[in-house]
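Asks: Please find one structure pasted underneath; my questions will follow.
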Amino acid sequence: MVALCSGLTGHALGTGYYGPTEYLSGWTNLKETPEFYWETEVKRLAKDFDPKEKPALVPRTRAGDDNKVDTAPMEQATEAADTADFAAAIKDGEIKPPDTTAAVAQHGDVRTKLVTADEKTAEPLPEEFNSEFADYDRGAYAYRRGKDHWDEARKAWLGLLDRPAAERHYRTIWTAFMLGRLALKNGDPQAVEWFRKTRELAGQGFADSLGMAADSYGWEGRSELKQGHPGKAAPLFLTQLALGDESAVVSLKALIPDRDDVDGMLNYGENGEEIYPKEYEPGGPPQQPTEEQKKAEEARTIKRLAALKAAAADPLLRRLETAHILATESGAAQWYRGDTLMGAVRSANWIKVIEAARPGKVEDAEYLGWVAYTTGNYKQAQRWLDLSAGQTPAANWLRAKLELRAGKAKEAAASMEQAWEGIQIPATTGSDQRALAEASIYVVSPDDGSFSMEEWASGDMGAVRLLRSDFVQALDTFLKGGLRNDAAYVAERVLTADELKAYVGKMPPAPAAKPDDASGRAQDDTTWLRYLLGRRLVREDRYAEAGPYLPPAYGKLLVKYVEALKNGADSKLPKASRAAAWSTAAWLARNDGMELMGTEVSPDGFDTEGAFEDTDLASYRIQGVYPSNVSGTNTTIRMPFRPAKTEVERLKKNQIRPDLRYHYRIIAATLAVRAAALLEDNTEELADALNTAGLWVKDRDEKLGDRYYQIIEKRCGKTKIGREVIAKHWFVEETGPWSVPLDAAEDALHKELGIQGPG
């Protein structure tokens, strides 16, 4: 899929936040094609190439709004390599200037002049000690001065290659490479031979201080492309990618005959030239094409069809075209495009072109099965799957989808597990884990906030396990697949607290906590899930069990909260002491409730610190429907695969009480009203307590707010705050003798426990 912005359910929340939330909130994900990604697929193909050359010293990267190659790092590396090579040549005696210091200074002056030269430069290059370096620099200087001096550059470089091999150890490869670049600029097919020569010379032992042998693959590919040889360019670009040059990801797109230009992205013309995006200019009303434009489009269509037929006959081009179609037509990509019909037509036409070509062996036949799947032709998808080897992750995944559609949930689970295991990183730790992550093509999330392939596979696997009521396994799948919000849904609403405790008890030990991480929002899975469990146990009033799972600071704060609850309920204590205890409990519940008892996902949203409202998965899954907006009308649609009866039963049993966003505020308000019941009528303390409780619930539970307002009318009419509330007919933003000391006490407690700021 290409990197475009959108706000699809499950991929983005309200203003300012983009990224996967819950896989399960993409309600039709389980029946749809997962999103395939161009970069992932071409990296998969590049794994078949194993070049012997060492990677280029500096990877080619693109930067800026225009997506152009950032040349600064390469220029810096070239300067450093040149300095090092010159010093090495003197040290090993390959060049013997009469005055070494003067020769180094001269060479430095020449390089300074060289890197600033352009077509307007007229003055000659400074004198330099006669050597291979001087020959190369003369050619490079002429090259930089433009086309009128290119013949001069060529002669200087060919002269260098006429030197005996012992006199050109350091600049032979640089010269062959640049002769290839020069030939490419002139449109000379000889460029291909020079780039091949670059690699041959590296194999003979000439110095390749910049990794030009590796770099030559991409340039040779560009030369073949300009000559109209996409079949020859493809393996060169893939080899370039195998060597770590990710600019090949973009270059490979030039080999796709029916690729549309995309606004905001680097595109290619018909001859492979780069066309950088222009600033968007709003257009007027659509214009009817002229006859000339119609004819040009007709000719372009004929040319594209011929190119598609040629691609269908070439094994590598065929795989690339298939990968590109999947990257642009699969998963949610059709919604990004806004044209599902044209996507389906493109997919169907490609399969027709391949069938007409009648290739003997079809590599990646399962991927063609996925192309058929995107069009809804499931019989054709099965036929292509049957033609595949059948054991790749893509094949197993497609088989699982087809089995699920056929109602074979057990078989689908087995197939999906094979697919998932093929994509997952093995369970290792430390530097080995990082190395595997870097090596994997499936685990990196795309820049547009969509799910990675690993996350898609984990989502499908977890969803299938939910259908089969394998709830603990579903949690494990979501967690290991990086889908924490889906794991949180299972942990908070589907599993029992004891099942969750048993799972957490078998997890690997958590790394040492960071000194400044009192919030507990740690990144490792063990710490994360332990904290989630601790908050759940608090919600279920299992306080003694909860403490060890909370971050130490909040474990101590929980002790204060539980003590306040106990003293508030103790009828043997004086009213004033009980009221103070209920008040303390209320204040802690309100201001530290997210950290003590907040749900990770809906309704509280600990995952975003309460900033965004999570999808109410439990509610929708109980009903077996999902929300939709059709032509501006909100409606609901039946889920393609209804949740298992046992899941629904558990959801109803494991409800959040009250099931409202920031539910702990309602709990806090209830505790505040208990304190108020023990306070004297018509005191500012009472009015402040009731008004504060009302402020806590007014946006969450209006009926409860009405009750609190009525109590103020009845018991606080003679107080300042009470009169203001009655005059407004609602709660007022005021503090008083109840809230101010509680706020100060909490600040002191936070300071004592090392908690930064309010909870």
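Asks: Being in a helix (DSSP H, G or I), of a type in the set (Asp, Glu) and closer than 17 Å to Trp696 by Cα is the filter here; which residues of the stretch 707-745 pass it? Break it down stepwise before answering.
Replies: Keep residues of the stretch 707-745 that are in a helix (DSSP H, G or I), which gives 707-715, 720-728, 739-745.
Next cut, of a type in the set (Asp, Glu) only: 713, 724, 743.
Result: Asp743, single match.
Asks: Next up: Going residue by residue through the stretch 631-638, is there one that turns out to be closer than 28 Å to Leu529 by Cα, in contact (Cβ under 8 Å) with a residue 40 or more places away in the chain, out of contact with any helix residue (DSSP H, G or I) (no Cβ under 9 Å at 6 or more places or on another chain) and of a type outside the set (Gly, Ala, Ser)? Talk me through it step by step, then tell me what you get.
Replies: Of the stretch 631-638, the ones closer than 28 Å to Leu529 by Cα are none.
No, there is no match, as no residue in the stretch 631-638 is closer than 28 Å to Leu529 by Cα, in contact (Cβ under 8 Å) with a residue 40 or more places away in the chain, out of contact with any helix residue (DSSP H, G or I) (no Cβ under 9 Å at 6 or more places or on another chain) and of a type outside the set (Gly, Ala, Ser).
Asks: When the stretch 587-612 is examined, which residues are found to be over 21 Å from the mean Cα position of the chain (by Cα), at pLDDT below 95 and either on the phi < 0 side of the Ramachandran plot or hydroxyl-bearing (Ser, Thr, Tyr) (or both)?
Replies: Matches in the stretch 587-612: none.
Okay, residues lined up against (1) β-branched (Val, Ile, Thr); (2) crowded, with 22+ Cβ neighbours inside 10 Å; (3) in a helix (DSSP H, G or I):
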{"position": "Lys566", "(1), (2), (3)": "no, no, yes"}
{"position": "Thr584", "(1), (2), (3)": "yes, yes, yes"}
{"position": "Ala589", "(1), (2), (3)": "no, yes, yes"}
{"position": "Glu600", "(1), (2), (3)": "no, yes, no"}
{"position": "Asp604", "(1), (2), (3)": "no, yes, no"}
{"position": "Glu613", "(1), (2), (3)": "no, no, no"}
{"position": "Ser628", "(1), (2), (3)": "no, no, no"}
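The rows are residues; the columns are (1) buried (at least 20 other Cβ atoms within 10 Å of the Cβ); (2) modelled with pLDDT under 95.
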| position | (1), (2) |
| --- | --- |
| Arg196 | no, no |
| Gly203 | no, no |
| Phe206 | yes, no |
| Tyr217 | yes, no |
| Pro230 | yes, no |
| Leu236 | yes, no |
| Ala248 | yes, yes |
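Asks: Would you kindly identify the helices (runs of 4 or more DSSP H) lying entirely within the stretch 396-472 that contain at least 2 residues that are modelled with pLDDT of 85 or more and farther than 19 Å from Val42 by Cα?
Replies: Numbers: elements: 409-423, 430-439, 453-467.
The helices (runs of 4 or more DSSP H) meeting that bar are 409-423, 453-467.
Asks: Could I ask something else about it? Which ones in the stretch 533-573 are more than 36 Å from the chain's Cα centre (by Cα) and among the basic types (Lys, Arg)?
Replies: Within the stretch 533-573, Arg542, Lys556, Lys560, Lys566, Lys572 qualify.
Asks: Given the condition modelled with pLDDT of 90 or more, out of contact with any His (no Cβ under 9 Å at 6 or more places or on another chain), part of a helix (DSSP H, G or I) and among the basic types (Lys, Arg), answer yes or no: does some residue in the stretch 83-91 qualify?
Replies: Scanning the stretch 83-91, I find at least one residue that is modelled with pLDDT of 90 or more, out of contact with any His (no Cβ under 9 Å at 6 or more places or on another chain), part of a helix (DSSP H, G or I) and among the basic types (Lys, Arg), so the answer is yes.
Asks: In the stretch 120-130, which residue that is surrounded by 11 or more Cβ atoms within 10 Å (Cβ to Cβ) and closer than 11 Å to Arg145 by Cβ is farthest from the chain's Cα centre (by Cα)?
Replies: Checking each candidate, the answer is Leu125.
Asks: Please find, within the stretch 138-153, the residue that is surrounded by the fewest Cβ atoms within 10 Å (Cβ to Cβ) out of those that are within 23 Å of Gly108 (Cα to Cα) and charged (D, E, K, R).
Replies: Checking each candidate, the answer is Glu152.
Asks: Give just the number: which of (1) closer than 20 Å to Val464 by Cβ; (2) at pLDDT 95 or above does Gln380 not satisfy?
Replies: Unmet for Gln380, out of (1) closer than 20 Å to Val464 by Cβ; (2) at pLDDT 95 or above: (1).
Asks: So, one more: Does the stretch 539-553 hold any residues that are assigned to a loop (DSSP other than H, G, I, E, B) and among the basic types (Lys, Arg), and which are they?
Replies: As a first pass, look at the stretch 539-553 and keep what is assigned to a loop (DSSP other than H, G, I, E, B): 540-542, 550-551.
The one that is assigned to a loop (DSSP other than H, G, I, E, B) and among the basic types (Lys, Arg): Arg542.
Asks: Then there is this: Just for the stretch 678-716: of the residues that are touching a residue at least 60 places away in the same chain (Cβ under 8 Å) and of a type in the set (Gly, Ala, Ser), which one is nearest to Ala580 (Cα to Cα)? Reasoning before the result, please.
Replies: Filtering the stretch 678-716 for residues touching a residue at least 60 places away in the same chain (Cβ under 8 Å) gives 678-679, 689, 693, 696.
Still in the running and of a type in the set (Gly, Ala, Ser): 689, 693.
Working: Ala689: 11, Ala693: 15 Å.
Once the filter is applied, the top-ranked residue is Ala689.
Asks: A further question on this structure: Just checking, does the stretch 632-651 include any residue being within 29 Å of Asp524 (Cβ to Cβ), in a loop (DSSP other than H, G, I, E, B) and of a type in the set (Lys, Arg)? Talk me through it step by step, then tell me what you get.
Replies: Filtering the stretch 632-651 down to residues within 29 Å of Asp524 (Cβ to Cβ) leaves 647, 650-651.
Going one step further and asking which of them are in a loop (DSSP other than H, G, I, E, B), we end up with none.
The answer is no, given that none of the residues of the stretch 632-651 is within 29 Å of Asp524 (Cβ to Cβ), in a loop (DSSP other than H, G, I, E, B) and of a type in the set (Lys, Arg).
Asks: Among all residue pairs at least 6 apart or on different chains, which show Cβ distances below 6 Å where the first residue, located in the stretch 555-583, is modelled with pLDDT of 95 or more and the second is of a type in the set (Ser, Thr, Tyr)?
Replies: So the pair list comes out as Val562/Tyr543; Ala564/Thr584.
Asks: Can you say whether Pro574 is surrounded by fewer than 17 Cβ atoms within 10 Å (Cβ to Cβ) and either within 25 Å of Ala586 (Cβ to Cβ) or among the basic types (Lys, Arg) (or both), as far as the supplied structure shows? Reasoning before the result, please.
Replies: Working: surrounded by fewer than 17 Cβ atoms within 10 Å (Cβ to Cβ): yes; either within 25 Å of Ala586 (Cβ to Cβ) or among the basic types (Lys, Arg) (or both): yes.
Answer is yes for this residue.
Asks: Given the structure, is Arg318 surrounded by 15 or more Cβ atoms within 10 Å (Cβ to Cβ), of a type in the set (Lys, Arg), at pLDDT below 75 and under 26 Å from Gly369 (Cα atoms)?
Replies: On the way: surrounded by 15 or more Cβ atoms within 10 Å (Cβ to Cβ): yes; of a type in the set (Lys, Arg): yes; at pLDDT below 75: no; under 26 Å from Gly369 (Cα atoms): yes.
Criteria not met by Arg318.
Asks: Okay, next question. Condition check: surrounded by fewer than 21 Cβ atoms within 10 Å (Cβ to Cβ) and of a type in the set (A, V, I, L, M). Does Val192 satisfy that? Break it down stepwise before answering.
Replies: Numbers: surrounded by fewer than 21 Cβ atoms within 10 Å (Cβ to Cβ): no; of a type in the set (A, V, I, L, M): yes.
No.
The values are calculated or read from the model by the stated rules, or taken from the named source; none is laboratory data. Source: prediction; values computed, not measured. Reconstructed Cβ throughout: ideal geometry from the backbone, glycine too, with neighbour counts over all protein chains shown.
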